[in-house]
1. Given charges of +1 on the Cβ of Lys and Arg and -1 on the Cβ of Asp and Glu, with all other atoms neutral, how large is the dipole of the range 132-210 about its Cα centre, in debye to the nearest 20?
2. Of the peptides 38-45, 64-71, how do they stack up when ordered by the mean number of other Cβ atoms within 10 Å, highest first?
3. Would you kindly calculate the translational diffusion coefficient of the chain, applying Stokes-Einstein with the Kirkwood radius from alpha carbon pairs, for 4 °C and a viscosity of 1.567 mPa s, and quote it in µm² s⁻¹ without decimals?
4. What is the antiparallel percent of DSSP beta bridges lying wholly in the chain, to the nearest 5?
5. What's the lysine pair count for the range 132-210 at a Cα cut-off below 20 Å, pairs eight or more apart or interchain?
6. Tabulate in residue order the Karplus-calculated ³J(HN,Hα) for the range 29-45, using 6.51 cos²θ - 1.76 cosθ + 1.60 with θ = phi - 60°, rounded to whole Hz; enter x for Gly and Pro.
7. Where the Cα atoms of the range 221-283 are projected onto their three principal axes, how long is each span, largest first, in whole Å?
8. Take the eigenvalues of the Cα gyration tensor for the range 189-307, scale each by 5, and report the square roots as semi-axes in whole Å, largest first.
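FYI, it's all coordinate maths here, none of it is from the lab. Bear in mind that the values here come from a model prediction, so they are computed numbers and not experimental data. Here the Cβ positions follow ideal geometry from the backbone for every residue, glycine too, while neighbour counts run over all protein chains shown.
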Amino acid sequence: MNQDHTPVLLKESVDYLVTGKDGVYFEGTLGFGGHTLEILDRLSKKGSIVSTDVDLNAFNYCKEKFKSEDRIKLYNFNFSLVDVIAKIESFEFFDGILADLGVSSFQLDNAAAGFSYSINSMLDLRLDKSLRKTAADFINYESEEKIANVIFEYGEEKNSRKVARQISEARKVKRIETTDELKKIISSITNPKYVTKTLSRVFQALRIYVNDELGVLKAFLHSSVPILRKGGRLVIISYHSLEDRIVKDFFKYESLSCVCPPDSPICTCGKVKRLNIISKKPITPSDIEITNNRRARSAKLRVAEKV
Ligand SMILES: C[S@@+](CC[C@H](N)C(=O)[O-])C[C@H]1O[C@@H](n2cnc3c(N)ncnc32)[C@H](O)[C@@H]1O
């Protein structure tokens with residue numbers, strides 16, 4: 001595994017995150033350690049960081065990368081277990097929590113990682129190899145309707161019904177095992193002009209579904225707030241409109257001190273405001289960053305602070 005990922009919105013996200021150089025920070029998406037390294041660079045000898053990645057390759061890569069750094073603790077856990085990790089480490093609070101969602105360029109561009117459709121590999125798409133269901137299991141056993149809904153909802157692919165129909169026909173002949181097989185099925189019913197876009201959308205949808213990426217994001221946000229110190233920041237970089245919507249709605253809800261109907265004479269909801277929104281609009285990469293790193297083009301950074 002070679003360094004093959006340029007950290008996105010690196011300076012901006014870490015500028016927001018690190019509010020004190022002696023603090024304890026949490027990074028939920030270690031990857032190649034790009035953001036983790038930048039955070040460490042901003043900390044004093046007393047500061048520390050706990051970083052996790054659900055992908056064993058990323059975890060092992062960073063274990064080696066940070067082997068002589070004693071201010072870091074590494075986990076191979078899902079970031080939705082942020083509160084469990086805090087307990088294991090005996091931290092009541094983190095001074096800041098960061099997640100740079102999705103997958104790294106390495107995972108996307110390398111056949112061995114199993115996320116790419118450009119080189120043939122097993123149709124897996126699990127970040128965590130202990131998950132029971134692979135993408136192949138899903139498309140071979142789920143109903144045609146469910147497959148169409150997943151491709152439409154998570155991939156925003158207009159031809160989702162047509163793709164699901166073709167998958168359903170192909171699997172009657174033989175179990176679909178590899179990325180190439182799925183690629184052929186999709187290509188056979190797609191205008192060549194749009195094949196690449198359709199393949200990206202379908203593979204993205206399957207990855208989001210197989211890893212329950214939206215469900216774990218919600219769990220992570222909910223678990224993070226109680227263990228964030230007053231004044232600490234929750235900093236999230238997302239790459240997909242559905243993820244960004246979840247972060248935006250969560251920050252909005254947590255920034256309200258009352259959710260009673262507007263015509264209610266007195267407040268009876270008991271809602272407590274837990275966050276202040278720091279980034280009123282999402283922060284996006286500069287033109288220069290996008291020119292240098294195409295993957296940055298869809299990134300959105302949102303920041304909220306614990307009250
Ligand atoms: C965009 S990359 C992060 C790159 C990292 N910030 C860097 O600069 O090297 C996202 C990483 O998050 C990991 N990941 C995705 N979902 C996760 C989850 N639910 N829990 C833990 N890690 C996750 C992926 O395996 C991937 O390595």
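1. For the range 132-210, the charge dipole is close to 160 debye.
2. Ranking the peptides 38-45, 64-71 by packing returns 38-45, 64-71.
3. Values: Rh = 20.7 Å.
Translational D for this selection: 63 µm²/s.
4. Expressed as a percentage, antiparallel bridges in the chain total about 40.
5. 27
6. For the range 29-45, the Karplus-derived couplings read 9, 3, x, 8, x, x, 6, 4, 5, 5, 5, 4, 4, 8, 9, 7, 5 Hz, x marking Gly and Pro.
7. 41, 27, 19
8. 34, 18, 14
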